[in-house]
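The values are calculated or read from the model by the stated rules, or taken from the named source; none is laboratory data. Here the structure is a predicted model, which is why all the values come from computation and not from measurement. Please note: Cβ atoms are built from the backbone with ideal geometry, for glycine as well, and neighbour counts cover all protein chains shown.
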Amino acid sequence: MTYEADFGEWVREHLAGLGRLEIKRMFGGAGVYASGVMFAVLDDGVVWLKADEALAAALEAEGARPFTYPTRTGASVSLGFWGLPEAAVDDPDLAVDWARRSLDVALRKAAEKKPRKSRSR
């Protein structure tokens, strides 16, 4: 994974319609956060959007591809992120629409997580 700060700034400008974004470096790439949740990953100049089954199908229909990586055994692993469709790379309004849908997925998944039990000392 690789991330360049200039690409992060382009993403901030391109997705400005979402409001305040936070970009944090991770594993050589970067995570994109809004409303306290990560909804996208930046890697090698690609915006990868978090998707559930329905959003993945919609992204695939637009020609997007899933984020995958090879394991040591040669198997391919997918983490549920899909590339921003090509048409949205040149259209900030369309990009914001896709990103908003991805953010909705991330917020729903965060709400579904069970709260951690606090440890009493």
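Given the conditions (1) within 20 Å of E22 (Cβ to Cβ); (2) at pLDDT below 95, report the number of the one that G80 does not fulfil.
The failed condition is (1).
What are the pairs, 6+ residues apart or on separate chains, where a residue within the stretch 12-28 that is of a type in the set (D, E) and modelled with pLDDT of 95 or more has its Cβ under 7 Å from a residue that is in a loop (DSSP other than H, G, I, E, B) and surrounded by 15 or more Cβ atoms within 10 Å (Cβ to Cβ)?
If the second residue must be in a loop (DSSP other than H, G, I, E, B) and surrounded by 15 or more Cβ atoms within 10 Å (Cβ to Cβ), no pairs are left.
Quick check: is even one residue across the stretch 49-67 modelled with pLDDT of 95 or more, touching a strand residue (DSSP E or B) at 6+ places or on another chain (Cβ under 8 Å) and closer than 18 Å to F7 by Cα?
Within the stretch 49-67 (the criterion being modelled with pLDDT of 95 or more, touching a strand residue (DSSP E or B) at 6+ places or on another chain (Cβ under 8 Å) and closer than 18 Å to F7 by Cα), the answer is yes, since at least one residue qualifies.
Within the stretch 2-49, which residues are more than 13 Å from the chain's Cα centre (by Cα) and β-branched (V, I, T)?
T2
What pairs come out if I take residues in the stretch 55-66 that are more than 14 Å from D104 (Cβ to Cβ) and pair them with residues that are part of a strand (DSSP E or B) and modelled with pLDDT under 95 whose C-beta lies under 7 Å away, six or more apart or interchain?
What qualifies is P66/S78.
Just a yes or no: is a residue in the stretch 21-34 small (G, A, S) and touching a helix residue (DSSP H, G or I) at 6+ places or on another chain (Cβ under 8 Å)?
Yes, because at least one residue in the stretch 21-34 is small (G, A, S) and touching a helix residue (DSSP H, G or I) at 6+ places or on another chain (Cβ under 8 Å).
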